[in-house]
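Scroll down for the structure; my scribbles are underneath it.
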Amino acid sequence: MQIVRSCNFFCVNILIETRLNRIQSKCFCILLLLQTAGCAFIDSPILDPDSSFVFVAGGRVAAKVDGKSYSAKFSWKSSKKVDNISIFSFLGNSIAHIKVRGEKFTLKTNDGKVFRTGSAEEVTSRVLGWSLPVSGLKYWITGNVDPHKPSSIRFLDGSKRPLELLQDGWRVEYGSYLDESTLPKKILLSHKKMKLRIIIDKWVLRKVR
């Protein structure tokens, strides 16, 4: 009788330990998924390809290229078809005005010179000394990706606010957001030997189709 009881007790212990191991294993898997969900890159766009943003943004930009540093203020008015970007010195003097309409690009300097050939990145690099990736930045500045190009996104704590994204050869890191909204406050862009630090002080944003 004593042997039977001991056997039953032993079997119950084994059963309990087995169940505990299964529970611990499941808990570990869940914890691992929760930890990786906030830091894994996801190869999918945030935006609906048929949607876009109309926005007005104003702020500051600091660029570093091959050891040289540049700084300026900017004002960006973006509609569904046209982007107008004004670049100013910190004293408020006009440096350049950029206009993008579809595939057409125009940059006009404060001394009246007009550039129409080449991409926005090439022309701004040649004229300003630092490259402004207008086509991609139109989306990145709002915390989104260009839905027509491949991208990888790493979200912040599982929210809809990206922590970092990779697209078109650029690494875009989001330092902070405006209060609790999805609008970025600080953005760091890196491409080869160039870094751009953007701080947005003013935001007006509207989603359209």
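The values are calculated or read from the model by the stated rules, or taken from the named source; none is laboratory data. Predicted, not measured: the structure shown is a model, and the values here were computed from it. Positions of Cβ are generated from backbone atoms using ideal geometry, with glycine treated the same way; all protein chains shown enter the neighbour counts.
Brief remarks on what is shown
- Apart from one condition, F53 fits all of (1) in a strand (DSSP E or B); (2) modelled with pLDDT of 85 or more; the exception is (2).
- Inside the range 140-176, residues that are farther than 17 Å from L196 by Cα and hydroxyl-bearing (S, T, Y) make up a count of 3.
- Filter result for L132 (at pLDDT 90 or above and assigned to a loop (DSSP other than H, G, I, E, B)): yes
- Qualifying residue in the range 173-193 (condition: of a type in the set (S, T, N, Q), crowded, with 20+ Cβ neighbours inside 10 Å and part of a strand (DSSP E or B)): no
- Taking first residues from the range 173-201 that are closer than 22 Å to I87 by Cβ and partners that are polar (S, T, N, Q) and exposed (fewer than 15 other Cβ atoms within 10 Å of the Cβ), the Cβ contacts under 7 Å between residues at least 6 apart in sequence or on separate chains come to K185/S176; K186/S176.
- Within the range 91-109, residues that are more than 15 Å from V127 (Cα to Cα) have Cβ atoms under 8 Å from residues that are part of a strand (DSSP E or B) and charged (D, E, K, R) in these pairs: G92/K73; V100/D83; R101/D83, counting only partners at least 6 apart in sequence or on another chain.
- Qualifying residue in the range 108-122 (condition: closer than 20 Å to R197 by Cα and surrounded by fewer than 17 Cβ atoms within 10 Å (Cβ to Cβ)): yes
- Checking V61 against (1) of a type outside the set (S, T, N, Q); (2) over 25 Å from V204 (Cα atoms); (3) surrounded by 18 or more Cβ atoms within 10 Å (Cβ to Cβ), the condition it does not meet: (2)
- Of all residues in the range 154-172 being outside any strand (DSSP E or B), within 13 Å of the chain's Cα centre (by Cα) and in contact (Cβ under 8 Å) with a residue 40 or more places away in the chain, the one that is surrounded by the most Cβ atoms within 10 Å (Cβ to Cβ): L156
- Tally of residues being acidic (D, E) and outside any strand (DSSP E or B) across the range 76-106: 1
- The conditions of being among the charged types (D, E, K, R), surrounded by fewer than 10 Cβ atoms within 10 Å (Cβ to Cβ) and modelled with pLDDT under 95 are met by K104.
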